[in-house]
Amino acid sequence: MKILNTLSKQKEEFKPLEPGHVSMYVCGPTVYNFIHIGNARPMVFFDTVRRYFLYKGYEVNYVSNFTDVDDKIIKRALEEGVDSAVISARYIEECRKDMVSLNVMEATVHPKATEEIGGMIDMIETLMDKGYAYRAEDGTVYYRTRKFPYYGKLSHKNLDDLRSGERSILVTGEEQKEDPLDFVLWKPKKEGEPYWESPWCDGRPGWHIECSVMSRRYLGEQIDIHGGGEDLIFPHHENEIAQSEAVSGKEFARYWMHNAFLNIDNHKMSKSDGNFFTVRDILAKYEGRVLRLFLLSAHYRSPLNFSDPLMEAAKNSLERIINCAENLTYRAEHTQTEGYAEGEQQIADGADKYRAQFEKAMDDDFNTADALAAVYELVRYINTNTSETSSRALLADLKKRLTTLTDVLGLDLTAANAAGDAEEDARVEELIAQRQAARKAKDFAEADRIRDELTAMGIVLEDTREGVKWKRA
Ligand code: AMP
Ligand code: ZN
């Protein structure tokens, strides 16, 4: 497996720190609003990386944080006249719902910054003891960037250039820094803001320290993969390296992976620019799995432009895959032949080519675009090589091959997991089963009543050759 490592800018062979294990840390969202589909890109992509490692037989420890103390959260809380914990709790909850809709697996640990303050204070103290940090007069603690000899190694920035360029960032209060590049580890409280006690002043942490602390706590001093969007390379990840490596004296993360932006009209989708769609906006129109497929339709290192035609294309592509899987199920239910018939073993073996193609794409720096192409080719192969006279053995074999690959991409072919929540989906499935039972028992009044109940829930039923299908109206 090869990974394009931001550190070396080279494709490197993946060698885990511990054979058979992968540790991954992916920077999560700041929770002050619904997440937008740009934020969903790293979530979906790194979830797919995780799934591919699992497919390859690795055990994966996956940590992703929620940044729940931040200026934007505090601002929102002030606007609403509530505690900032109310805002962050609300949007963590909403983000988790979006993750379910996008079929993003629950992280091994989902730490929250506000629950890790003690660890942050400890790490800052260590940095102070080692001379990597200093306290300014007003109680702010800064990282002494110049002391860390490798600063700039991730972003490939020359420190002197940076220094001259960064002078413009000097803002009020920052005169007290020894160097313009020094960054905040701890800052004093302001009126009306959440704060914690510390050896330096009552205050709160800077943003970068939380990831160094959580990564170390849940994954150890060294990790295999650190991921996030490319806007995090500098300064966030550069600063994480400076903090973590100054403390441990070891290389923090072996492989750094960064996804390119999701754009609209070739501009980065971002909340601050106001050009964004929330995941929730999109889910009102498309199923989560359509959005997921769309996000995987380009290589993660390439920018991806959001557009309605591309979403429609993703929807059609997904439908083709789903139809193929449903046809296989339908045929398996109706065929007269059990075991492999003459020539069918070759058909099954012939499908292996697409698995190999899929793996080759994923082994080459997780090329999900090419991996999807392999899935489409497999679909075409299945459609041309099966019929209602194929044996149940062949149909089952091909279905397994197809779903194994779509599962790696996190595309669930089974449930109509549209905008609604899982609970409602389960209720719909249950009602459909009851309606089927009523029809079987020739209790048509009851069957109609159930159909009306489903209609009232906004569910449209379609009786097809392949059985009852449903969708939200
Ligand atoms: P934030 O909430 O801004 O800290 O972002 C959470 C994650 O989403 C980070 O990994 C960002 O790099 C990523 N991200 C934000 N905007 C975009 C975008 N337009 N395209 C891709 N990734 C993004
Ligand atoms: Zn981070």
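The values are calculated or read from the model by the stated rules, or taken from the named source; none is laboratory data. No experiment lies behind these values; they were computed from the predicted model shown. Neighbour counts run over all protein chains shown; Cβ positions are idealised from the backbone, glycine included. Heavy atoms of the whole protein, side chains included, go into the accessibility calculation; ligands, DNA and RNA do not. Shrake-Rupley method; radii C 1.70, N 1.55, O 1.52, S 1.80 Å.
Numbers below:
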{"read-out": "Exclusive hit being open to solvent by 30 Å² or more (accessible area, probe 1.4 Å) and away from ligand 1 (no atom under 16 Å from the Cβ), set W207, W186, W196", "value": "W196"}
{"read-out": "Any helices (runs of 4 or more DSSP H) falling wholly within segment 306-404 and containing at least 3 residues that are loosely packed, with under 14 Cβ neighbours inside 10 Å", "value": "308-334, 344-350, 352-363"}
{"read-out": "Qualifying residue in segment 171-180 (condition: within 16 Å of ligand 1 (Cβ to nearest atom), over 19 Å from the mean Cα position of the chain (by Cα), surrounded by fewer than 21 Cβ atoms within 10 Å (Cβ to Cβ) and hydrophobic (A, V, I, L, M, F, W, C))", "value": "no"}
{"read-out": "Any chance Y25 is more than 16 Å from ligand 1 (Cβ to nearest atom) and either under 27 Å from D83 (Cα atoms) or outside any loop (DSSP other than H, G, I, E, B) (or both)", "value": "no"}
{"read-out": "Residue that is modelled with the highest pLDDT, among those in segment 449-473 that are under 27 Å from N327 (Cα atoms) and part of a helix (DSSP H, G or I)", "value": "I450"}
{"read-out": "Candidate set: segment 224-236, residues that are open to solvent by 10 Å² or more (accessible area, probe 1.4 Å) and out of contact with any helix residue (DSSP H, G or I) (no Cβ under 8 Å at 6 or more places or on another chain); chosen: the one nearest to ligand 2 (Cβ to nearest atom)", "value": "L232"}
{"read-out": "Residue that is modelled with pLDDT of 95 or more and either more than 16 Å from ligand 1 (Cβ to nearest atom) or open to solvent by 50 Å² or more (accessible area, probe 1.4 Å) (or both), where the choices are Y91, Y55", "value": "Y55"}
{"read-out": "Odd one out for P42, checked against (1) surrounded by fewer than 22 Cβ atoms within 10 Å (Cβ to Cβ); (2) closer than 22 Å to T406 by Cβ", "value": "(1)"}
{"read-out": "Residue pairs meeting the criteria (Cβ under 6 Å; at least 6 apart or on separate chains; first touching a residue at least 60 places away in the same chain (Cβ under 8 Å), in segment 310-322; second in a helix (DSSP H, G or I) and crowded, with 19+ Cβ neighbours inside 10 Å)", "value": "L318/V290; L318/L293; I321/V379"}
{"read-out": "Number of the exception - V428 against (1) part of a helix (DSSP H, G or I); (2) modelled with pLDDT of 90 or more; (3) open to solvent by less than 90 Å² (accessible area, probe 1.4 Å)", "value": "(2)"}
{"read-out": "Matching option when the condition is touching a residue at least 12 places away in the same chain (Cβ under 8 Å) and surrounded by 21 or more Cβ atoms within 10 Å (Cβ to Cβ), among A133, A85", "value": "A133"}
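For (1) surrounded by fewer than 24 Cβ atoms within 10 Å (Cβ to Cβ); (2) within 14 Å of ligand 1 (Cβ to nearest atom); (3) of a type in the set (K, R), each residue gets a yes or a no:
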{"position": "S215", "(1), (2), (3)": "no, no, no"}
{"position": "Q222", "(1), (2), (3)": "yes, no, no"}
{"position": "I241", "(1), (2), (3)": "no, no, no"}
{"position": "F252", "(1), (2), (3)": "no, no, no"}
{"position": "H258", "(1), (2), (3)": "yes, yes, no"}
{"position": "I264", "(1), (2), (3)": "yes, yes, no"}
{"position": "L283", "(1), (2), (3)": "yes, no, no"}
{"position": "G288", "(1), (2), (3)": "no, no, no"}
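Listed here are the residues, each with its yes/no results for (1) polar (S, T, N, Q); (2) away from ligand 2 (no atom under 16 Å from the Cβ); (3) at pLDDT below 95; (4) under 17 Å from the mean Cα position of the chain (by Cα).
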{"residue": "K2", "(1), (2), (3), (4)": "no, yes, no, no"}
{"residue": "N5", "(1), (2), (3), (4)": "yes, yes, no, no"}
{"residue": "V26", "(1), (2), (3), (4)": "no, no, no, yes"}
{"residue": "H36", "(1), (2), (3), (4)": "no, yes, no, yes"}
{"residue": "T48", "(1), (2), (3), (4)": "yes, yes, no, yes"}
{"residue": "V63", "(1), (2), (3), (4)": "no, no, no, yes"}
